[in-house]
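The values are calculated or read from the model by the stated rules, or taken from the named source; none is laboratory data. Quick caveat: nothing in here was measured; it's all calculated off a predicted structure. All Cβ positions, glycine included, derive from the backbone under ideal geometry; neighbour counts span all protein chains shown.
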Amino acid sequence: MNILVINCGSSSLKYQLIQSDTETVLAKGICERIGLEESRVSYEPANGKKETKIVSMSTHSEAVRIALDVLTNEQSGVIKTLEEIGAVGHRVAHGGEFFTSSTLLNEKAIKAVADCCEIAPLHNPLSLSGIYACKELMPKVPMTAVFDTAFHQTMPKKAYLYGVPYEYYEKYKMRRYGFHGTSHSYVAKRAAALLGKPAASLKTIVCHLGNGSSIAAVEYGKSIDTTMGFTPLEGLIMGTRSGSIDPAALQYLMHKENLNIDDMLGILNKKSGVYGISGRSSDFRDLGEAKKAGSERAADALEIFAYQCAKFIGAYAAAMKGVDAIVFTAGIGENDKDTRERICEYLCWLGIRIDESANSRRGEEMKISTSDSNVTVMVIPTNEELEIARETLRLIMS
Ligand code: ADP
């Protein structure tokens, strides 16, 4: 069956058409700058050349229509008609406490996704527009939602409750949810497969380190803690996000700089993190070069990131009373050997030893710890689209 995977971002829509029997990507692409000038669609068939066209797209539903047009294009399309799409899997940011796993999207589920807009006002409306567009253009095709939060719904209360009056949890569901769940789940399962052990026998720490970064403690196949919280702003310092910060410091800063809460959150989301500290870039490649060229602030930013990652890994080893495997994934985790090495240096007390030559490879599944390391350290490229396609197939077959 051909499964279309749709991932709506704030001004983008990523799509992949996956053949589920062979798990091959038939074509993929991205609609960018939706609602802005010079919006464009890129399209890359498996055995063809990537092409990009400027096409006007003012909404996400127009972007879905354009993605379907390129997939069925007479010359370069990989399918002839929309009937060749057997199902659509949507990536949805927030499933609240309502969704503890992926779901088939019937009317009731769509309403529940819409209800979650209250706690995810920036993200869920985007996913919904993709869902409504597909429903209109392919009314008979079954659809699923795969949530960033669902994998972390196994967290116990001690991990998800904030230390605030309990009534805020009861009245408003204000709690920690965690994100990147699709990636953490895929990577933890893949780690177990590569180790040749059942996921239910392993204590794994997954480090999803990209523009947005989070770490998860996966005990016997279930997430028991993760660094992101009510929103993806909590936890580690990230590309442009601050991560955790003393909330009372914000009042001081808002007063000094004459900022309102929206300004403040804008700064914490978009102008902070390693970008804010270095004053240069959120990209670790730029920071690595700037450090080599002598920038102290770039060096500080990189060190703070590695230090915080190591602290959370230590915390999660304590939370699980042990750790069998630590896995790095996403843009930084898959590609930045220096950051992996720095993090692992802090973890020498766990008996972790890194094989330098293995660690210098990048972008492939590999073990980077030595054979005498007490904990196996691995790099596993994440594949959220494949996980969404697998979940979609599972739901449709059940
Ligand atoms: P997103 O959260 O947007 O999905 P990614 O997982 O794609 O982000 O990660 C993007 C980040 O990965 C870049 O901003 C950069 O910091 C880092 N990155 C990508 N390639 C490399 C590389 N070769 N070396 C170091 N860092 C890299």
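The table that follows gives values for the structure above.
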read-out: Test: residue in the range 315-333 that is in a helix (DSSP H, G or I), within 13 Å of the ligand (Cβ to nearest atom) and not aliphatic (A, V, I, L, M); value: yes
read-out: Matching residues in the range 348-383 - criterion: being in a helix (DSSP H, G or I) and under 15 Å from Val327 (Cβ atoms); value: Leu350, Ala358, Asn359
read-out: Of all residues making up the range 124-153, the number that are of a type outside the set (Phe, Trp, Tyr) and either within 18 Å of the chain's Cα centre (by Cα) or crowded, with 20+ Cβ neighbours inside 10 Å (or both); value: 18
read-out: Residues satisfying the stated conditions in the range 104-120, i.e. modelled with pLDDT under 95 and of a type in the set (Lys, Arg); value: none
read-out: Tabulated pairs, the range 307-333, first more than 22 Å from Ala358 (Cβ to Cβ), second within 15 Å of the ligand (Cβ to nearest atom) and hydroxyl-bearing (Ser, Thr, Tyr), C-beta under 6 angstrom, 6+ apart or interchain; value: Phe312/Thr227
read-out: Residues of the range 334-360 satisfying the condition of being under 19 Å from Ala191 (Cβ atoms) and away from the ligand (no atom under 12 Å from the Cβ); value: Ile343, Cys344, Leu347, Leu350, Gly351, Ile352, Arg353, Ile354, Asp355, Ala358, Asn359
read-out: Conditions (1) closer than 30 Å to Ser102 by Cβ; (2) surrounded by fewer than 21 Cβ atoms within 10 Å (Cβ to Cβ); (3) among the β-branched types (Val, Ile, Thr): number failed by Thr392; value: (2)
read-out: Boolean, Leu259 is more than 24 Å from the chain's Cα centre (by Cα) and either away from the ligand (no atom under 16 Å from the Cβ) or closer than 30 Å to Thr204 by Cβ (or both); value: yes
read-out: Hits in the range 39-62 (condition: touching a residue at least 60 places away in the same chain (Cβ under 8 Å) and touching a strand residue (DSSP E or B) at 6+ places or on another chain (Cβ under 6 Å)); value: His60
read-out: Residue list for the range 142-161, restricted to those being in contact with a helix residue (DSSP H, G or I) (Cβ under 7 Å, 6 or more places away or on another chain) and outside any strand (DSSP E or B); value: Pro142, Asp148, Thr149, Ala150, Phe151, His152, Leu161
read-out: Set His208, His152, His184, His123: member being of a type outside the set (Lys, Arg) and at pLDDT below 95; value: His123
read-out: Qualifying residue in the range 314-334 (condition: acidic (Asp, Glu), modelled with pLDDT under 95 and under 30 Å from Ile3 (Cα atoms)); value: no
read-out: Those residues of the range 292-309 which are crowded, with 19+ Cβ neighbours inside 10 Å and either closer than 30 Å to Pro198 by Cβ or hydroxyl-bearing (Ser, Thr, Tyr) (or both), in sequence order; value: Cys309
read-out: Filtered residue count, the range 162-215, keeping only those that are of a type in the set (Val, Ile, Thr) and part of a loop (DSSP other than H, G, I, E, B); value: 1
read-out: Only one of Ser242, Ser272 that is more than 12 Å from the ligand (Cβ to nearest atom), closer than 24 Å to Leu161 by Cβ and among the hydroxyl-bearing types (Ser, Thr, Tyr); value: Ser242
read-out: Residue in the range 111-123 that is surrounded by fewer than 19 Cβ atoms within 10 Å (Cβ to Cβ), over 21 Å from the mean Cα position of the chain (by Cα) and closer than 20 Å to Met1 by Cα present; value: no
read-out: Leading residue by the ranking (farthest from Glu62 (Cα to Cα)) among those in the range 13-26 that are polar (S, T, N, Q) and in contact with a helix residue (DSSP H, G or I) (Cβ under 8 Å, 6 or more places away or on another chain); value: Ser20
read-out: Subset of the range 384-398 [within 16 Å of the ligand (Cβ to nearest atom) and either in a loop (DSSP other than H, G, I, E, B) or touching a Ser or Thr at 6+ places or on another chain (Cβ under 6 Å) (or both)]; value: Glu384, Glu387
read-out: Output for the range 228-247, where each listed residue is among the small types (Gly, Ala, Ser) and without any contact (Cβ under 8 Å) to a residue 60 or more places away in the chain; value: Gly239, Ser242, Ser244
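Table: residues versus (1) surrounded by 13 or more Cβ atoms within 10 Å (Cβ to Cβ); (2) of a type in the set (Phe, Trp, Tyr); (3) more than 27 Å from the chain's Cα centre (by Cα).
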| residue | (1), (2), (3) |
| --- | --- |
| Ile54 | no, no, yes |
| Val64 | yes, no, no |
| Val70 | yes, no, no |
| Ser76 | yes, no, yes |
| Val88 | yes, no, no |
| Val92 | yes, no, no |
